[in-house]
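One structure below.
Quick note: the coordinates plus some simple rules give every number you see, no bench work behind them. What you see is a predicted model, and the numbers here were worked out from it, not measured in a lab. Note: ideal-geometry Cβ built from the backbone for every residue, glycine included; neighbour counts use all protein chains shown.
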Amino acid sequence: MRSYIRIIKIALARFRQIYPLRISLILILSVACDDEISESYESQFNVYAVLRNDKVMQEVTVDRTYLMEEPSELYVDDALVILSGAHYADTLVFSDSLLRYVTSDTFTLLPLEIYRLSVAKEGFDTLSAETRIPGDFDFIWPSEGDTMILMDSIVFRKNVGVSIYFCYFRGVISNTWYTTGTFTYEPVVSDTLVKIPLYDHFSDYPSGMYTITFSALDSNFYEYYTESEDDLIQAGVENGVGLFGSALVDSIVNYIITE
Amino acid sequence: MIAALTLLLVCNFVSISGFVTDASDGEKISYANVSLDDGKSGGATNDKGYYIIHNVPTGSYTIVFSHIGYESRTVKLYLKQDDDVVLNMEMMPAFIEMEEIPVSAERSRFETSVEVSHINFTSREIKAIPVILENDLIRTLQLMPGVVALHDLSNKLYIRGGSPDENLVLLDGITIYNPSTRLFGLFSIFNTDAVSNAELYAGGFPAKYGDRLSSVLDVTTKEGNSKKYTGAASIGLVTSRLLIEGPLPKGSFLLGARMINFDPFVWAYTKIKKDTISLPHQFYDGIVKINFNTSPKNRFTFAGLNGSDVIAFEHTYGNEQKDKVDLEGDNRGASFRWRRVFSPQFYGEVLGAWSNFQTQLNYLYLERDTDTINTVETYEEIIDYTVKCDFNYFLNERHTVDFGIDGKHLDIDHNLVHYKRESFTYRHTTNLFTLYVQDTWTLVPGILHLETGLRCFYYDQGRKLRYCPRLGLKYRFQPNTAINFAIGKYNQFLVTINSQESFLSIFDFWRPLDERHNVPTAYHVVFGIEKWFDDKTRLTVEPYYKRYYNLLIPKEYDIIISTPTESLKVGSGYSTGFDIFFKKSYKDVFGWINYSLCFTRRKVDGSYYSPRYDRRHNLNIVLGFTLPAYIPIVKNSTLNLRWYFATGLPYAEDLARYRYFGTDSRGERYFVDWRTVRSPRGTYRLPLSHRLDLHLEKNMRLFGLNGSWYIDVINIYNHKDIIFYTWNYDEDPPNKSAYILLPIPIPSFGINIRF
C-alpha cells in the first residue's frame, strides 16, 4: 500500500514539474489535428435520355462513372433497362450501331403522363428515374396556314409542366433550305401566355412557307441544361447521374412575309 | 474629514484638455502620455489625439507630455478658479529605433483602455514587412493573429473564420465595398504612402462600429503636413507612387497617386504561352485630403479617392474567332467631415460620405456547338450615401460616453445581358438607420475598465428593428498582466452573392437583404490574457467563439450568378479557436510570432462543412534587425524576414468522372464532355503551406534627397505551395497536376525618395 502511495506521490510531483504551457501544448495538438479523410467511391450509372413525342422509338444512353485513375470504357451495354409509364412497359435493347438502348417496339408518349426508367446491373445500385411529359400546345395565333408579317408575334398558352422552350424555323424557298438558329425561351412562372415576336429572330430570311417547330421541355431537362459545370447532375435521376427528361414537340406551317 | 471639507470649499476644480500633434507635420499623436506633477492626475490622448484631465484643483502645476519617439514637452501652468484650460501641444520627433514606436503605443493602450482583438498599424510598420512585390496594407494585416490568406496572391481578409464580406472596411469614413481589386486582386486600393494608421478589430468590436458580422478595418489617411511642403516618391517593380503634402492657409493638404508601370506576371505568362494570349492590364488610383482649421474649435476635412482597374484578356482561335474579356472595376468615394470641440468635455464629428463601386464585364466567346460568337455583359454599381454624427462626452475622469447616429442610403444596380438579351435587371434601394451609445467606465483607474454599448438598427426592407448589445472588460490584476473579455451581438444587412471561397474572385457583387430574409447575426465571445514581460516584450492569448445564424451562403463554385439572391442558401455556423501573439524587441532586433488555431464550420442543408478558408493552423514569424556596420554595401541596412507556416486549405476532391452529353435544341445529344463527382465540400486538405520572405532596405542619398532602396525576395527556399489540382482530360485516365502560384523565388526591388 505504501509503495502505491509513493508511486502516486512521485507521479504527482512529476506532473507538477510539467509546466502548464506544455500541457496546453499537448491539448492543442490533440484537439487541433484533423482526421485524415478519404472518401470511398462506388461507381454509379450515368444515363442520358430525353423522351420525345415525335419519335416512335425512345432511346437511352447508359454509361457509368469512372474513378479518376481508372480508364474509361465505351458505355455500358449489358444492363437491364426498363422504360415504363401510361400502363405500358418495355425492356430496351442495346443497339451496337447507335451505342445506346432503344425500345423494342413503338413507344408512344402521352402528354402529362409520368414515365419511369430503371437501369440495373450486378455490382451497381439500381438507377431509377422519372419524368412527366409536358402538356399539349395550345396556339392562339397564328393558326396553321395563316400568313404572318415580321411585326407579328406567335402567341400560345404556356404548356403545363414546361420549364423551357426551344423554337426554330425551317423552310424551302426557291429550292433552297433555310433554317434559323434555335431560340430559347424560359417562361416566367406567373405568365400564362408565351409571346414570341417574329422580328426578334426572323429578319434576314426570304418570304415563304416555313415550318415553325416548338419543343416544350420539362424541368429535368432544364436542370440538366442550366447546371453549372461544377455541379453533380442528377436531373430526375436517383442512385446515379445524368438526365431523364422529356420533350413535347409540335409544329405549325405558316407563310411569313419578310419584305 | 474637516480638512477634506475645508479643502473642497476653498478649492475649485478645472479641466485641462487639447489635441497633441506632431510638430514636424501636424499629424495627431494617439496614446501620448499626459501627466501632472501632482503624481495623481494624468491620462493619455485617444485615437484622435485628444486628451482631457478632469477635476484638477486650482494651483501651479507642471504638465508633461511624453511619447516614445518624441521629445518630452514640459509646460508650467497656473490653474485659476473657474477657468478650464485648453492646451494643444506639438511634440518634436526624436531619433529612435523603429521598433520602439509600436511598443510604446501598445503599452499605453494596455494601461488605459479596453483592447480586445485590436491591432493598430502605422504606415511605417506596413512598409517594413516583406510582402509579395510591394508593400500593401491588407497583405501586412495577413501577418496578424487570426487573419489568414487563401493563397500567396490573395489580398482578401479572412478573419477568425469569417469571410471577407463580413469585414467592414472604412477609409476616412468612406465604406469601401471591394478593397482588394487591384491587379487581379494582388493589391488593395490603399496607397501605403498616404496611410496614417490602420486599426483592425478582429472580433468583439465596440458599438461605434456595426453592420458587419466579423471584423472592422478602419483606415485613416494622413492629415497632410501643415508645417512644410514634403513629398515621397516610390518606384517599384509593379507600381509607381507619388505623395505630396503641405500647408494651406489654416490647414493642410495631401495628394497621392499610384499607377501600374509593369506587370511581371502578365509578362511571364505571355512569354510562356507566346502566341495566342494577351493580358493587358492597368490600374491607377488617387487620393486627396484637405483640412481647414477655421478656429481652434472647428476643423473641416475633405477626403476623396478615385481608382480604376482594367483587365483585358484575349484568346484567339485560328485567325478569326476569339474569346475576349474586358473587366473594369472603379472605386470612388468622398467624405466631408466637420469636427467641433463644443466644450473641453464634449466634442463631435459630422460626416457625410459617398462611396461608389462599379464593375463591368464584357465577355465575348466562341460557342462551341454552333460555332457562333456569343456575348455576356454584366454591370453592377453600388452607391452608398452615409451621414454620420459621432459625439464624445467626457463625463468625468471615470466615464467617457460615445454616442452617435448614422443614416445609410444604398442604391444597387445590377444587370446581365446574355446574347444581347437582358437576362435580368436588378435595381434596389434600401435605407439603414443606426443609433449607438457606448460608455467607457474606469471602475478602478489603471486596473478595471468596462466598456458597455448598444447599437440599434432600423432597416427599411421588412421594417426590421434590431438591437445589438456589446460589452468589453479589462481587468489588469497585475501591473503587467490583464484579462480582456468581450461579448456582443452583430448584424449585417448587406451580403455578397458570389462565393467567398473562389480561388480568384476579384469583385464582389453585393445585395441588400430583402423582406424575405432574416438578418444574418453573429455572436462573439472573446476572452484574452495580455502579459508584458518588460516594456518591449508582450504576449497575448485570445480564445474566441463566434456563432452565426441566418447566413446567406452562395453556391460553392459561383463566381457570377445569374439570378439575384435566389441561389443563396440560408445557413449557420461557428468559428472557434485562439490566437497567440508574442512580440519582442531587443536592441537592434525586433519581431513577433503569432499562431492561430481556428475551427470554422458552416451548416447548409442540414450538414456541416469546412469552408475553403478554414485554415486550422497558421503561424507567422517576423524578424527584423539592423545589419552591423562591418558588412559592406548593406551595412546599417534593415533586414526583415518573415516565415509563414499553415495547414493546407480544405477542398473538394475529384473522386470520379462521368460523361456529360451535350444536347441540341431538340434534346438530341451531340457532344460529349467530362464532368466530375466531387467529395463533399471541404473534406480534403491541400498539403502544408509555408515559405520564407526577405526584405532588405537601406537608406541612401539620391540627388541630394533622402531615400532608400529595397529588395524583396519571396519564397526564398522555393517551396511549391499547391493552390489546387487540375486534371488533364487529353489522356485516359486523366493526369492530375498541381497548380503552384510561385514556381520560383520571386525577387522585387524599388526605390523610395522623400523630398
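Across segment A:45-132, Cα pairs under 8 Å and at least six residues apart give a relative contact order of 28 percent.
For each of A:Cys167, B:Cys456, B:Cys389, count neighbouring Cβ atoms within 10 Å of the residue's Cβ, then give the residues from fewest to most. It would help to have the intermediate numbers written out before the result.
Values: A:Cys167 21, B:Cys456 17, B:Cys389 14.
Going from least to most buried by this count: B:Cys389, B:Cys456, A:Cys167.
Among B:Ala656, B:Trp354, B:Asn33, whose Cα sits farthest toward the positive end of the charge dipole of chain B (+1 at Cβ of Lys/Arg, -1 at Cβ of Asp/Glu, about the Cα centre)? The listed residue farthest towards the positive side: B:Asn33. Proximity of backbone amide H atoms, modeled 1.01 Å from N, is registered between B:Tyr347 and B:Phe342, B:Asn392, B:Phe394 at under 5 Å, excluding neighbours fewer than 5 places apart on the same chain.
The DSSP beta bridges internal to segment B:104-250 are antiparallel in roughly 80% of cases.
Averaging sequence separations of C-alpha pairs under 8 Å and six or more residues apart, then dividing by the length of segment B:2-95, give the relative contact order as a whole percent. Please list the in-between numbers first.
Numbers: 210 pairs, mean separation 32.7, N = 94.
After rounding, I find 35 percent.
With the simple spin-label model, which puts each label point 7 Å out from Cα in the Cβ direction, the A:Glu227 to B:Asn728 separation comes to 2.8 nm. Inter-part distance, segment B:389-415 to segment B:426-451, computed on C-alpha centroids, equals 8 Å.
Suppose R0 equals 45 Å. What FRET efficiency, 1/(1 + (r/R0)^6) with r the Cβ-Cβ distance, do B:Lys297 and B:Tyr608 give to the nearest 0.05?
Numbers: r = 56 Å, r/R0 = 1.24.
FRET efficiency, B:Lys297 to B:Tyr608: 0.20.
Distance from the C-alpha centroid of segment A:215-237 to that of segment B:707-751: 38 Å, rounded to the whole angstrom. Its Cα centre serving as origin, the protein assembly as shown has a Cβ charge dipole (Lys and Arg +1, Asp and Glu -1) of approximately 5580 debye. A cut-off of 5 Å between modelled amide H atoms, ignoring neighbours fewer than 5 places along the same chain, links B:Glu71 with B:Met92, B:Ala94.
Mean shadow of segment B:2-95, computed from the convex hull of its alpha carbons, in nm²?
On the way: hull surface 24.5 nm².
Directional mean of the projected Cα hull area for segment B:2-95 stands at 6.1 nm².
Entry note, chain B: relative contact order of 9 percent, from Cα contacts under 8 Å with a spacing of 6+ residues.
Computed about the Cα centre, the dipole magnitude for segment A:106-259 is approximately 400 debye when only Lys and Arg (+1) and Asp and Glu (-1) carry charge, each at its Cβ.
Near A:Gly161, within a Cβ-to-Cβ distance under 14 Å, what is the net charge of the other residues, with Lys and Arg +1 and Asp and Glu -1? Combined, the nearby Lys, Arg, Asp and Glu give -3. Couplings 3J(HN,Hα) of segment B:18-30, computed from phi: x, 9, 10, 10, 7, 5, 7, 9, x, 6, 5, 10, 8 Hz, in residue order, whole Hz [Karplus 6.51 cos²θ - 1.76 cosθ + 1.60, θ = phi - 60°; x for Gly and Pro].
Is there a quick way to get the dipole size of chain B? I mean about its Cα centre, with the Cβ of Lys and Arg at +1 and of Asp and Glu at -1; what is the value in debye to the nearest 20?
Using Cβ point charges on Lys, Arg, Asp and Glu, chain B gives about 1180 debye.
Full extension of the chain between B:Asn706 and B:Thr429 gives 94.6 nm of extra length, using 0.36 nm per residue less the Cα-Cα distance. Legend: ranking of residues B:Glu349, B:Glu515 from fewest to most surrounding C-beta atoms inside 10 Å; resulting order B:Glu515, B:Glu349.
Under the simplified labelling scheme, the A:Asp78-A:Tyr41 pair shows an inter-label distance of 2.4 nm, with each label point 7 Å from Cα along Cα→Cβ. On the beta carbon distance between B:Phe533 and B:Arg398, with R0 = 30 Å, the FRET formula returns roughly 0.50. Per residue, chain B reaches -1500 deg cm²/dmol at 222 nm when only DSSP H runs of four or more residues are counted, each adding -39500 (n - 2.57).
Along segment B:454-462 the Karplus relation, 6.51 cos²θ - 1.76 cosθ + 1.60 evaluated at θ = phi - 60°, assigns HN-Hα couplings of 9, 10, 10, 10, 10, 10, 6, 7, x Hz to successive residues, with x for each Gly and Pro.
Once you average over the residues of B:674-680, how many Cβ atoms of partner chains fall within 10 Å of each Cβ? Intermediate values should be presented prior to the final figure.
Details: counts 3, 10, 5, 12, 4, 4, 2.
Counting other chains' Cβ atoms within 10 Å and averaging over B:674-680 gives 6.
Taking 7 Å steps out from each Cα toward its Cβ at B:Val519 and B:Ile405 produces label points 1.8 nm apart. Counting beta carbons within 10 Å around each of B:Tyr365, A:Tyr199 and listing the fewest first gives the order A:Tyr199, B:Tyr365. Residue separation of B:Lys569 and B:Trp674 scaled by 0.36 nm, minus their Cα-Cα distance, works out to 35.1 nm of gained length. Here the 3J(HN,Hα) profile of segment B:719-726, calculated from phi with Karplus coefficients 6.51, -1.76 and 1.60 at θ = phi - 60°, is 6, 8, 8, 7, 9, 7, 10, 10 Hz, Gly and Pro shown as x.
Of B:Lys297/B:Lys408; B:Lys28/B:Lys222; B:Lys489/B:Lys546; B:Lys569/B:Lys603; B:Lys531/B:Lys584; B:Lys536/B:Lys587, which sit over 18 Å apart, Cα to Cα? Let's see the in-between values first.
On the way: B:Lys297/B:Lys408 27 Å; B:Lys28/B:Lys222 9 Å; B:Lys489/B:Lys546 10 Å; B:Lys569/B:Lys603 10 Å; B:Lys531/B:Lys584 12 Å; B:Lys536/B:Lys587 10 Å.
Pairs exceeding 18 Å: B:Lys297/B:Lys408.
Note down the Stokes-Einstein diffusion coefficient of segment A:115-164 in µm²/s, whole number, using a Kirkwood radius over alpha carbon pairs, 20 °C, and 1.002 mPa s. Spell out each step's value before the answer.
On the way: Rh = 14.7 Å.
D, rounded to a whole number, is 146 µm²/s.
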